[in-house]
Amino acid sequence: IQNDIAYTHATINTFLEKNPRLPKILLVDTREQIPPKLAKEIFKPLFNRGVEMMGVIYNKGSEASKKNFKVSFRVSNESPENKKYKVNHLAENFGGGGHPMAAAFTGNSEDIISELVESMKDLVENKNDFAYLKLTSQLQH
């Protein structure tokens, strides 16, 4: 697992180097690059870079099972806007639940991710304040 942790941190750092400007709201698909048990490691470094609210998509169960995934949402404690984001409402729309600052749901269809992207876009007035990014080949040059 130490190799997985080192790889995950290297992937996150490379991602941050390649994406110096991050939006307020971010949806990150980690299924191709980060082991499921370590997917939530990405929250803190991105919150430290100014992201206010984000969702992380990761494999549920075995890494080979890409059809079954989980989406975890968090709101930054540092965000002055944190009271306006209610991620539990977002998760509830997809059959999940949680608290206003932390929530999740499980899914098994890429259509759900498309719907989620549209739902998250609706949370911002300026469309540049939202991005959907996939962590793929971050460590390759």
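Each value in this text was obtained by applying a stated rule to the coordinates, not by laboratory testing. Just so it is clear, the model here is predicted, and its values are computed rather than measured. With ideal geometry, Cβ positions are generated from the backbone for all residues, glycine too; neighbour counts draw on all protein chains shown.
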Exercise for the section: Please state the charge dipole magnitude for the chain, taken about the Cα centre, from unit charges on C-beta atoms (+1 on K and R, -1 on D and E), reported in debye and rounded to the nearest 20. Expected result: 220 debye
Fill in the blank from the handout: Cα-Cα pairs in region 1-78 separated by more than 15 Å, as a whole percent of all pairs, come to 54 percent
Handout entry: Local electrostatic count, Gly98, Cβ distance below 13 Å [Lys/Arg +1, Asp/Glu -1]
Key = +2
Fill in the blank from the handout: Given 82-88, 70-76, the highest-first ranking by average Cβ count within 10 Å works out to 70-76, 82-88
Exercise for the section: Determine the percent antiparallel among the DSSP beta bridges restricted to the chain, to the nearest 5. Expected result: 60 percent
Completion exercise
Normalised per residue, the volume inside the convex hull of the alpha-carbon atoms of the chain in Å³ amounts to 109 Å³
Fill in the blank from the handout: Calc'd 3J(HN,Hα), region 91-108, phi into Karplus 6.51 cos²θ - 1.76 cosθ + 1.60 (θ = phi - 60°), Hz, glycine/Pro = x, comes to 5, 4, 4, 10, x, x, x, x, 10, x, 10, 7, 7, 7, 8, 10, x, 8
Fill in the blank from the handout: Rounded to the nearest 500, the 222 nm mean residue ellipticity computed for the chain from DSSP H runs (n ≥ 4, each -39500 (n - 2.57)) alone is -8500 deg cm²/dmol
